Amino acid sequence: MKPLHADNVDKFSDALENIVVLLRTQGTLNELQPNSSLYMMPLEKTPEEMLSQYYRWLGERLKPETLEVFKDWILDETGYRVKAAEATCIKGLKQTKFKALHTDDRWKKAKVQALCFRCRSNTHKGSSCRRFR
C-alpha cells in the first residue's frame, strides 16, 4: 500500500473488512489472532509510519492485538485520511486543478471563498502567505 493516500487506505480497509467478515462467517477465529499468517500479511503491507500510529493507538486504548482490532483502526484511519484529503480541496476542486486554472480564475475562486490566493488557506491572505516567500 502506498503511504498516506486516502484512496489506497480506503481500498485497503475495504479488503480488510471483507477478510474479517469472511473469517468470522467461516468460524476461523484463530486467523484473527496476532500469531496468524493472515494477521501478519496486512501488517507487512502497512507503511511503518502507520504501524507506529496503530501500536500507539493500541496502547492508549488498551486493545488486544488482533486482526479485527487492526481492521477497526484502519476504518477509523480511513475516515481521517479521507477527511484530510477533502480538506485540501476547494469544494471538490483539487489543488492540481486549482493551480492549472488561469490566474484570473484562481483569483476569483480564492476571492469568493475568502482564501489565500497562493496556498488556499482561509486563515490569511496572499500578501501574508508564509508558504510562498
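Out of (1) among the polar types (S, T, N, Q); (2) over 30 Å from Asn122 (Cα atoms); (3) at pLDDT 85 or above, the odd one out for Ser13 is which?
Tallying (1) among the polar types (S, T, N, Q); (2) over 30 Å from Asn122 (Cα atoms); (3) at pLDDT 85 or above, Ser13 fails exactly one: (3).
Consider Thr46 carefully, then state whether it is within 16 Å of the chain's Cα centre (by Cα) and over 14 Å from Asp76 (Cα atoms).
Criteria met by Thr46.
Residue by residue through region 27-63, note down the ones that are outside any helix (DSSP H, G or I) and without any contact (Cβ under 8 Å) to a residue 12 or more places away in the chain.
Of everything in region 27-63, those that are outside any helix (DSSP H, G or I) and without any contact (Cβ under 8 Å) to a residue 12 or more places away in the chain turn out to be Gly27, Thr28, Asn35, Leu62, Lys63.
Name the pairs whose Cβ atoms lie under 7 Å apart, with the first residue in region 107-124 and without any contact (Cβ under 8 Å) to a residue 12 or more places away in the chain and surrounded by 12 or more Cβ atoms within 10 Å (Cβ to Cβ), the second in a loop (DSSP other than H, G, I, E, B) and among the polar types (S, T, N, Q), and 6 or more positions between them or separate chains?
Within 7 Å, no pair qualifies.
Take Thr28 and decide whether it is within 15 Å of Glu68 (Cα to Cα), of a type in the set (Val, Ile, Thr) and surrounded by 12 or more Cβ atoms within 10 Å (Cβ to Cβ).
yes
Only residues that are farther than 14 Å from Val9 by Cβ and within 16 Å of the chain's Cα centre (by Cα): list them for region 49-71, please.
Within region 49-71, Ser52, Trp57 qualify.
The values are calculated or read from the model by the stated rules, or taken from the named source; none is laboratory data. The shown structure was predicted, so the numbers you read here are calculated from the model rather than taken from an experiment. Cβ sites come from the backbone with ideal geometry, for glycine too, and all protein chains shown count toward neighbours.
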